[in-house]
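As structure tokens, the structure follows; a few thoughts come after it.
Coordinate-derived values only; no laboratory data. These numbers were taken from a predicted model, which means no experiment stands behind them. We place every Cβ from the backbone using ideal geometry, glycine too, and count neighbours over all the protein chains shown.
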Amino acid sequence: MQTNLATQQKQDLFTLSPKSLDEAMQYAGIIAESELVPKDYRQKPGNVLVAVQMGGEIGLPPMQALQNIAVINGRPSLWGDALKAVVMAHPLCEYIKEWFDEATKTAWCETKRVGSPEAHREAFSFDDAKAAGLLGKQRPWQQYPKRMCQMRARGFCLRDTYPDGLKG
């Protein structure tokens, strides 16, 4: 009985998922007027439309896409914890492990894809961040350098291992 109730509640959940190009354009216009979306989408309905489309292609509902797809140098990119969530939902993800080595100031990410003979591992260190000109950047690199290194190691590792699930 609880399963049926949960299913019914999920079906009754109101969502704004455009069903046509006209609806998508109207939706994008309304969302672009909001101050509750990241600045890259404000007053830019085209950016909203691209993010919603991209999110839909990797399984994200519209609002989740808008909150988790960042525009970096003019390119939409899935970032942070949403990147990990999409990969964890991928049917071929066996595991993801992450850690930080204090001695070398290096973040590591390792993942194993079902059917692959071995795991894939990537690292990103403070030295890498310095060489890339990131450590001196204002927010968030100055505030959270370990976390930023973690996100870089994660991004490289997961994008290299699951390009099919992340759509390139």
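If you build a Gaussian network model of the chain, linking Cα atoms that sit under 10 Å apart, which residue out of 145, 117, 18 swings the most?
Judging by the Gaussian network model, the answer is 117.
Averaging sequence separations of C-alpha pairs under 8 Å and six or more residues apart, then dividing by the length of the chain, give the relative contact order as a whole percent. Show your work: numbers first, answer last.
Values: 209 pairs, mean separation 24.8, N = 168.
Computed value for the chain: 15 percent relative contact order.
Nearest 10 degrees is fine. How inclined is helix 145-161 to the longest principal axis of the chain, computing both from alpha carbons?
With rounding to tens, the tilt is 70 degrees.
Tell me which of 155, 59, 106 sits at the most positive position along the dipole axis of the chain, charges placed on C-beta atoms (Lys, Arg +1; Asp, Glu -1).
106
Compute the angle between helix 2-12 and the longest alpha-carbon principal axis of the chain, please, reported from 0 to 90 degrees and rounded to the nearest 10.
Value to nearest ten degrees: 70.
If you place +1 on the Cβ of every Lys and Arg, -1 on the Cβ of every Asp and Glu, and leave all else neutral, what size is the dipole of segment 6-157 about its Cα centre, to the nearest 20 Debye? List each step's numbers first, then the result.
Values: 19 positive and 17 negative charges, 75 e Å.
It comes to approximately 360 debye.
Limiting things to C-alpha atoms, what are the Rg and the maximum Cα-Cα separation (Dmax) for segment 34-138, in angstroms?
16.7, 48
Can you work out the FRET efficiency for the pair residue 42 and residue 79, with r the C-beta to C-beta distance and R0 = 25 Å, to the nearest 0.05? List each step's numbers first, then the result.
On the way: r = 18 Å, r/R0 = 0.73.
About 0.85, to the nearest 0.05.
Taking a Cβ-Cβ separation under 4.7 Å as the criterion for a possible partner, which cysteines of the chain have none?
93, 149
Skipping prolines and chain starts, which residues have an amide H placed within reach, meaning under 5 Å, of the one on residue 135, given they are 5 or more residues away or on another chain?
130
Using just the helices of the chain, give the 222 nm mean residue ellipticity in deg cm²/dmol: DSSP H runs with n ≥ 4 each add -39,500 (n - 2.57), and the total is spread over all residues, rounded to 500.
Values: 8 runs with 79 residues, N = 168.
Rounded to the nearest 500, it is -13500 deg cm²/dmol.
Find, among the chymotrypsin sites (Phe, Trp or Tyr not before Pro) in segment 56-140, those assigned to loop by DSSP (not H, G, I, E, B) with at most 16 other beta-carbon atoms within 10 angstrom.
Numbers: sites: 79, 95, 99, 100, 108, 124, 126; in loops: 79.
Sites meeting the loop and neighbour criteria: 79.
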